[in-house]
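Below is one structure, written out as structure tokens; the observations come after it.
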């Protein structure tokens, strides 16, 4: 809405009006959730291949790691494009790039990452493991900014005090490690050695514990940081609109996996790890969705 124009400079002054309703909905939740799986399996898979270079059961997941990563990164890209206001102009990002935009930088890095993944898939298909192994470190390096750049976009949102860059960067990293280890536990539950299962279980449990600790820090102390955070957190406190979804997500994503990992490591039996993995993967979607929605429920005027 134009308020007035200045003839001398041809400048147009507009009224900055808050957008009503939810702008970032479940499409962005799918974006973040799929991206976590697509990059997380690279992080944890790289760790396994480096720690157990001579384990044939670990070597057997080289192709599944790349296929799953490609699938979920493309799901992430699909929902990214769907969220664009002019989705059929997404190619402008590549032909008219604005390098001050986190979306532009992220799109270029993701494109390079996908190209690297296809090279790795081709190398594995033609049994050129040396090429696969040489490209894997590059894939991991590229996956780091792909994992983190959404945190930058959220932190750019004005008047959303809950989305702070340092905390969101850590949460994005932990989310990737959580579902990356969970996905690999599902893949290798019947074939991995006890040592590999133990490693993955510990990674799953520690990432769940750390992420839960960060959320509880915001839940308990967030109101002391800013009034706006306190007002937002009321949607998950005192029977707020998203209280049930918040605690279901925290329980599934973090509490259940922590408990099952503790039992498994204590008893040296990892039969419950598929359940812990499914719980973490499903619960993360709910956790991401609640944390995405509740700041947008607070009127900014």
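Which FRET efficiency value, to the nearest 0.05, do you get for residue 82 and residue 226 by plugging their Cβ-Cβ distance into 1/(1 + (r/R0)^6) with R0 = 35 Å? Computed FRET efficiency for residue 82 and residue 226: 0.60.
Taking packing as the residue-averaged number of other Cβ atoms within 10 angstrom, the listed peptides 146-153, 75-82 run from highest to lowest as 146-153, 75-82. Given a Förster radius of 25 Å and the C-beta distance between residue 214 and residue 138 as r, what FRET efficiency does 1/(1 + (r/R0)^6) yield to the nearest 0.05? Computed FRET efficiency for residue 214 and residue 138 comes out at 0.25. Model label points for residue 112 and residue 100, set 7 angstrom from Cα along the Cα-to-Cβ axis, are 2.2 nm apart. Helix 165-188 versus the longest principal axis of the chain: what angle, 0 to 90°, nearest 10, using Cα atoms? Roughly 30 degrees between the two axes.
Select from 43, 246, 259 the residue whose mean-square fluctuation is largest in a Gaussian network model of the chain (Cα-Cα springs shorter than 10 Å). Comparing 43, 246, 259 in the GNM, the peak value goes to 259. Each part reduced to its alpha carbon centroid, the range 60-98 and the range 238-268 end up 30 Å apart. Expressed as a whole percent, the proportion of Cα-Cα pairs in the range 153-293 lying more than 22 Å apart is 40%. Among 250, 164, 86, the largest mean-square fluctuation in a Gaussian network model of the chain (Cα springs under 10 Å) belongs to 86.
The convex hull built on the alpha-carbon positions of the range 25-297 has an orientation-averaged projected area of 14.9 nm². Potential lengthening of the chain between residue 267 and residue 238 amounts to 6.6 nm, from the contour at 0.36 nm per residue minus the alpha-carbon distance.
Over the chain, DSSP H runs of length four or greater, each weighted -39,500 (n - 2.57), average out per residue to a 222 nm ellipticity of -24000 deg cm²/dmol. Here the gap between residue 194 and residue 170, fully extended at 0.36 nm per residue and compared with their Cα-Cα distance, gives a gain of 5.7 nm. Most tightly packed first, judged by the mean number of other beta-carbon atoms within 10 Å of their residues, the peptides 194-204, 30-40, 123-133, 268-278 read 30-40, 194-204, 268-278, 123-133. All Cα-Cα separations within the range 88-215 were binned at 10 Å from zero, giving a P(r) of 11, 27, 36, 20, 6, 0, each value a whole percent of the pairs. Packing order of peptides 45-54, 96-105, highest average first: 45-54, 96-105 (average count of other Cβ atoms within 10 Å over each peptide's residues).
The slack between residue 60 and residue 298, meaning 0.36 nm per residue of separation minus the straight C-alpha distance, is 80.8 nm.
As a calculated quantity, the FRET efficiency between residue 259 and residue 26 at R0 = 25 Å, using C-beta atoms, amounts to about 0.30.
Only the coordinates and a few stated rules stand behind these numbers; no lab work does. The structure displayed is predicted, hence computed values, not measured ones. Every residue, glycine as well, gets a Cβ built from its backbone with ideal geometry; the counts of neighbours run over all protein chains shown.
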